[in-house]
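Right, one structure below, let's go through it.
Bear in mind that the values in this text are calculations on the coordinates, not laboratory data. Model, not experiment: these values are computed from the prediction. FYI the Cβ positions are ideal-geometry reconstructions off the backbone, even for glycines, and counts take in every protein chain you see.
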Amino acid sequence: MTGLAGRSAGLPSQLGFVLVAVLWLVAALAALAMIFSAYLSSSARALSLNDAALQTEALVSASAELTAYQLQLGGEEARPVQGAFRMRLNGADLAVSFVAETSRVDLNRAPKELLEGLLSALGAAVEDAREGAERIVAWRSRATAQTAANEEALYRAAGRAYSPRQAPFAHINELGLVLGLAPALVQRALPFITVFSGAEGIDATIAAPEVIAALPGMTPLILKQFLSERVQIGSDRSAIAAALGPARASATAEKSRAYRILTRIRFPNGRHTASEVVIRLGGDAELYRVLSWQDDVSAQAYRRL
């Protein structure tokens, strides 16, 4: 009886230990369940984002291909310099607009006077615009025994840890590395410059007012008159030259095979996004080649498209 009583006395203690162990086990299982739930939720979000990115890429590729097809359809002479269209694809609404790269100033081809005019039109002082244009030309120009040392010395004296490229700009953002250009000025210039047009001048029929204002010989009065008449003038080159007056020398009639395409997408769930692609039209072997691709572009940065 004494042994039985002892075992009975120890039973509540053992039951309490088991109860604590069970509670710990339940708590651990609950924690694991919460962790697993969070993992599944995170994985689902990642898969959703990845799926949205793939869908966006497919839609932008489709808009670029259709644009290239339309541009090639009419041949070299009939090819438009700008245009727009809308379509619905896989439940998404697409608004596509395109414009030739000759609407922008080419950093690698524009003469110093046009570069100076652009910087001035964007707010740079006369001396700053002249100096900035010289540094841009020096950055893109092949070095000689004299110029290499001079340019490198200027950058060292300014405390820069790099030397000028002295080769063509690879990207418009490289403009921010050029000595003497204020960051705010560079930001204002980005929507109006390119490295893809291959033209020395600009197409005044499609260029932004800031770009037309950069033309050497342009005056505020001529600019105002030209902008008011531009729609009526259309693509009549002789009329364009007459309207531009002394500024016509830098207005190119050359057609670029590079086009900037802005694709605005509205998905069925209401989500919006916009992507910009720069393409160069090809020949028989390839319809086009992608030169630049940027997703989630700001609408403010592309006022004209």
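Taking the Cβ of each residue in Y259, Y162 as the centre, tally the other Cβ atoms inside 10 Å and list the residues starting with the fewest.
Y162, Y259
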Exercise for review: Post the alpha-carbon centroid distance, the stretch 65-108 to the stretch 259-286, in whole angstrom.
Suggested key: 9 Å
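What order do you get for T219, T56, T144 when you list them from fewest to most C-beta neighbours inside 10 Å? List each step's numbers first, then the result.
Numbers: T219 13, T56 20, T144 10.
Lowest to highest Cβ neighbour count: T144, T219, T56.
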Revision key, fill the gap. At R0 = 45 Å the Cβ-Cβ FRET efficiency linking A62 and A125, nearest 0.05, sits at 0.45
Check your understanding: Between R88 and F267, what is the label-to-label distance in nm when each label sits 7 Å out along the Cα-to-Cβ direction?
Key -> 1.9 nm
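Relative contact order for the stretch 108-192: what percent, with Cα pairs under 8 Å and sequence separation of 6 or more? Write out the running numbers ahead of the final one.
On the way: 79 pairs, mean separation 28.1, N = 85.
The normalised contact order for the stretch 108-192 reaches 33 percent.
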